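Structure record follows, encoded as structure tokens.
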Amino acid sequence: FVQWNALPENKFYRYDYYRDNCSTRLRDAIDHALSGQLQTSTVSRMTTGTYRWHTQRLMTGDIPLYTGVTLALGHPADKPLSMWEEMFLPVRMANDLRTVNIADSLGSQIPLIRSETAIFTAGRPPEPAAPPYYLPLFVAAGIIFAAVLVLLVRSAEGGNRLTMFTATALATLWSLIAGVAGLALVFAWFFTKHYFMGRNENLMHFDPLSIVLLVLIPL
């Protein structure tokens, strides 16, 4: 199967970051060799993680990327994962395979992994065990932005033209960000094959109609 898969006509495929990637391809090859026993042993064993949870966990420390991906992922990324689905991550697959038993030629249950040999050990720190808790940071940023905008508007109401210009610029900038992000979410949902960017509740806040405010706010 591996030799067949490496042929020029077979080695290219439509990449799916969760359901068809470099890790799931290896999982499926092993399952193929085991006549489906790997999937049978793991598809009904549920884990506590979701696609979003794992993605956020692995983006610890990169707040801009964490924020963008959290915004882009929709409701399908929040369903609990089976052990079979969790194998989209290489480290999780390695851990999960250690718990799998399969039937041998006599029908007896034996461990899939009999022994292990470490070929290479990475020098980077181990993966985080859980996602970071950035909610207080996001709430604080929102409160500060809103407070600055309120103060600027109150000052502008007193006739200060500089604060009027600054308030208009900040409000227009946010409307631009929200509107463009909303348009991108709608486009990804309805016009691409990004299944996990569909049914995105972030559209309740990043509304494409915010684009209209780019004209209304200055007026």
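Tally up the carbon and sulfur contribution to the accessible surface of segment 124-219 as a whole percent, 1.4 Å probe, everything protein left in place. Summing carbon and sulfur atoms, their accessible area is 74 percent of the total for segment 124-219.
Computed with a 1.4 Å probe over protein heavy atoms only, the accessible surface of the chain comes to 66 Å² per residue.
Computing log10 I(q)/I(0) by the Debye sum over Cα atoms at q = 0.11 Å⁻¹ directly from the structure and comparing it against (i) -0.67; (ii) -0.74; (iii) -0.60 singles out (ii). Accessible area per residue (1.4 Å probe, heavy atoms of protein chains only) ranks ASP16, ASP28 as ASP28, ASP16, with the largest value leading.
Specify which residue in the list PHE120, GLY68, ILE110 is farthest towards the positive end of the charge dipole of segment 1-123, using unit charges on the beta carbon of Lys, Arg (+1) and Asp, Glu (-1), about the Cα centre. Ranked along the dipole, the leading option is GLY68. Karplus-based coupling profile of segment 2-10, in residue order and whole Hz: 5, 5, 5, 5, 7, 5, x, 7, 10, with θ = phi - 60° in 6.51 cos²θ - 1.76 cosθ + 1.60 and x standing for Gly or Pro. Rounded to the nearest 20, the Cβ-based charge dipole of segment 23-83 about its Cα centre (Lys and Arg +1, Asp and Glu -1) stands at 80 debye. Close amide-amide hydrogen proximity is noted between ILE102 and ILE110, LEU112, each under 5 Å apart and 5 or more residues distant or on a separate chain (H modeled in the peptide plane; Pro and chain starts excluded). In summary, the helical segments of the chain meeting the span-like criteria, namely a full DSSP H run, a Cα extent along the axis of 24 angstrom or more and a mean Kyte-Doolittle hydropathy of at least 1.6, are 135-157, 161-191. Each Lys and Arg adds +1 at its Cβ and each Asp and Glu adds -1 at its Cβ; summed about the Cα centre, the chain shows a dipole of about 180 debye.
What list of ³J(HN,Hα) couplings, whole Hz, do you get for segment 111-127 from phi and the Karplus terms 6.51, -1.76, 1.60, once you set θ to phi - 60° and write x for glycine and proline? Each residue of segment 111-127 in turn: x, 5, 9, 8, 7, 9, 9, 7, 7, 8, 10, 5, x, 6, x, x, 4 Hz. When only Cα pairs below 8 angstrom with a gap of at least 6 residues are kept, the chain shows a relative contact order of 20 percent. Ranking ALA146, LEU81, ASN200 by Cα position along the charge dipole of the chain, where only Lys, Arg, Asp and Glu carry charges on their C-beta atoms, puts ALA146 farthest toward the positive end. Take each peptide in 7-13, 110-116, 128-134, 66-72, count the other Cβ atoms within 10 Å of every residue, and average; sorted highest first, the result is 66-72, 128-134, 110-116, 7-13. The share of accessible area on segment 1-99 that comes from carbon and sulfur is 61 percent, using a 1.4 angstrom probe. Close amide H partners of ASN200, meaning residues 5 or more places away or on another chain with modelled amide H under 5 Å apart, are HIS75.
The values are calculated or read from the model by the stated rules, or taken from the named source; none is laboratory data. Quick caveat, the model's predicted, so the values are computed rather than measured. All Cβ positions, even for glycine, are placed from backbone atoms using ideal geometry, and neighbour counts span all protein chains on display. For the accessible areas, the whole protein counts, side chains as well, though only heavy atoms, and no ligand, DNA or RNA atoms are used. Shrake-Rupley method; radii C 1.70, N 1.55, O 1.52, S 1.80 Å.
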